[in-house]
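Structure record follows, encoded as structure tokens.
The values are calculated or read from the model by the stated rules, or taken from the named source; none is laboratory data. Given the structure is predicted, the values throughout are model-derived calculations rather than measurements. Here the Cβ positions follow ideal geometry from the backbone for every residue, glycine too, while neighbour counts run over all protein chains shown.
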Amino acid sequence: MKAAVLQLSAQGMSSTKLYNYIRIANKQGVKVLLLGEYILNPFFKELQTLSTSMIQEQAAHQSNTLKELASTYNMTIIAPLVLVKKQKVYKTIAKFSPSSTSYYQQQLLINYSHWNEEKFFDNEMKAIVSPLVFKIDGFKFAVMSGFELHFDNIWAQISPKNIDCVLLPSVSTFDSYERWKALILSRAFTHNCYILRANRIGAYTDKDYDWQFYGDSLLASPNGELLEHLGNKEELMIVDMSHTDVVHSRRAWGFKDSINKRSIL
């Protein structure tokens, strides 16, 4: 399975870079393209200063653009997107396929005093369910937000589904570089699946903090190895993943078998 990460800063209403990079990815045979968080919309702190009508206008423009690109280039595009419905604002991850569009409403949101998405967004608070799962050419993907990666409850929902790759859009910043890499590699290893992470670049500064988004988009293997990664510049990363390697890894380590044996007792 050939997939790609497009590592960008926030693009606003501009679609030029999306068109250019997706054309390149298409020529390389990419089936799935992943974008980081707050690329199609302004960063969270900026969103707090905007009207819902402005957020809605921007989301509609970007949605139409990505629907057109997915159809034109026969590609599935995974893109975090802030949506407005009936004057309520929701943080979602959109899946634009060549023939349809679906949305995953993020279930667990950051709720820190300096970065409280849970308070700002109107996402429903309910029992944890499975994140978005889909299959392309026999290769099975799951989609979760970067913050959701931390929670065992989310992983418990997708573990029985034999996922080949978790697509992970993120917006990591501050001094979290090494911690995020360690967490991603550990999750990939203990669940014997690929994790493809897209992190945005760029910066946002307010009176209290300097938010530097450092990139480091990466691909972790089902054995917990770092296969590919980017620096902190704008870049397109194209990767190859193998369902056979996922199967071999699960057989070699036997983590899932150890649990399955006990489930019948």
In segment 90-137, what count of residues is obtained for those that are without any contact (Cβ under 8 Å) to a residue 60 or more places away in the chain and assigned to a strand (DSSP E or B)?
18
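Look through segment 204-214, keep the residues that are touching a residue at least 60 places away in the same chain (Cβ under 8 Å) and either closer than 23 Å to Glu235 by Cα or hydrophobic (A, V, I, L, M, F, W, C) (or both), and return whichever of them is surrounded by the most Cβ atoms within 10 Å (Cβ to Cβ).
Taking the candidates together, the pick is Phe213.
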So in segment 49-72, with the set limited to residues that are surrounded by 16 or more Cβ atoms within 10 Å (Cβ to Cβ) and in contact with a Ser or Thr (Cβ under 8 Å, 6 or more places away or on another chain), which one is nearest to Met13 (Cα to Cα)?
Gln62
Go over the candidates Ala59, Ala79 one by one and state the one that is modelled with pLDDT under 95 and on the phi < 0 side of the Ramachandran plot.
Ala59
For segment 215-259, name all the residues that are of a type in the set (Ser, Thr, Tyr) and either touching a residue at least 40 places away in the same chain (Cβ under 8 Å) or closer than 20 Å to Phe139 by Cβ (or both).
Ser217, Ser221, Ser242, Thr244, Ser249
Any residue in segment 215-226 that is at negative phi, buried (at least 19 other Cβ atoms within 10 Å of the Cβ) and of a type in the set (Ser, Thr, Tyr)?
yes
Per the filter on segment 205-241, residues of a type in the set (Ser, Thr, Tyr) and more than 15 Å from Leu167 (Cα to Cα) are Thr205, Tyr209, Tyr214
Please specify each residue of segment 156-201 satisfying the condition of being surrounded by fewer than 21 Cβ atoms within 10 Å (Cβ to Cβ) and aromatic (Phe, Trp, Tyr).
Phe174, Tyr177, Trp180, Phe189
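Given the residues Val166, Val239, which is the only one that is in contact with an Asp or Glu (Cβ under 6 Å, 6 or more places away or on another chain), closer than 19 Å to Lys2 by Cα, assigned to a strand (DSSP E or B) and β-branched (Val, Ile, Thr)?
Answer to the selection: Val239.
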Answer yes or no: is there a residue in segment 130-140 that is surrounded by fewer than 14 Cβ atoms within 10 Å (Cβ to Cβ), more than 15 Å from the chain's Cα centre (by Cα) and closer than 21 Å to Phe213 by Cα.
no
How about segment 235-265: which of its residues are of a type in the set (Asp, Glu) and within 17 Å of Leu196 (Cα to Cα)?
Glu235, Asp240, Asp245
Determine which member of the set Ser53, Ser9 is of a type in the set (Gly, Ala, Ser) and out of contact with any Lys or Arg (no Cβ under 9 Å at 6 or more places or on another chain).
Ser53
Candidate set: segment 144-155, residues that are more than 11 Å from the chain's Cα centre (by Cα), over 14 Å from Lys256 (Cα atoms) and of a type outside the set (Val, Ile, Thr); chosen: the one surrounded by the most Cβ atoms within 10 Å (Cβ to Cβ):
Phe151
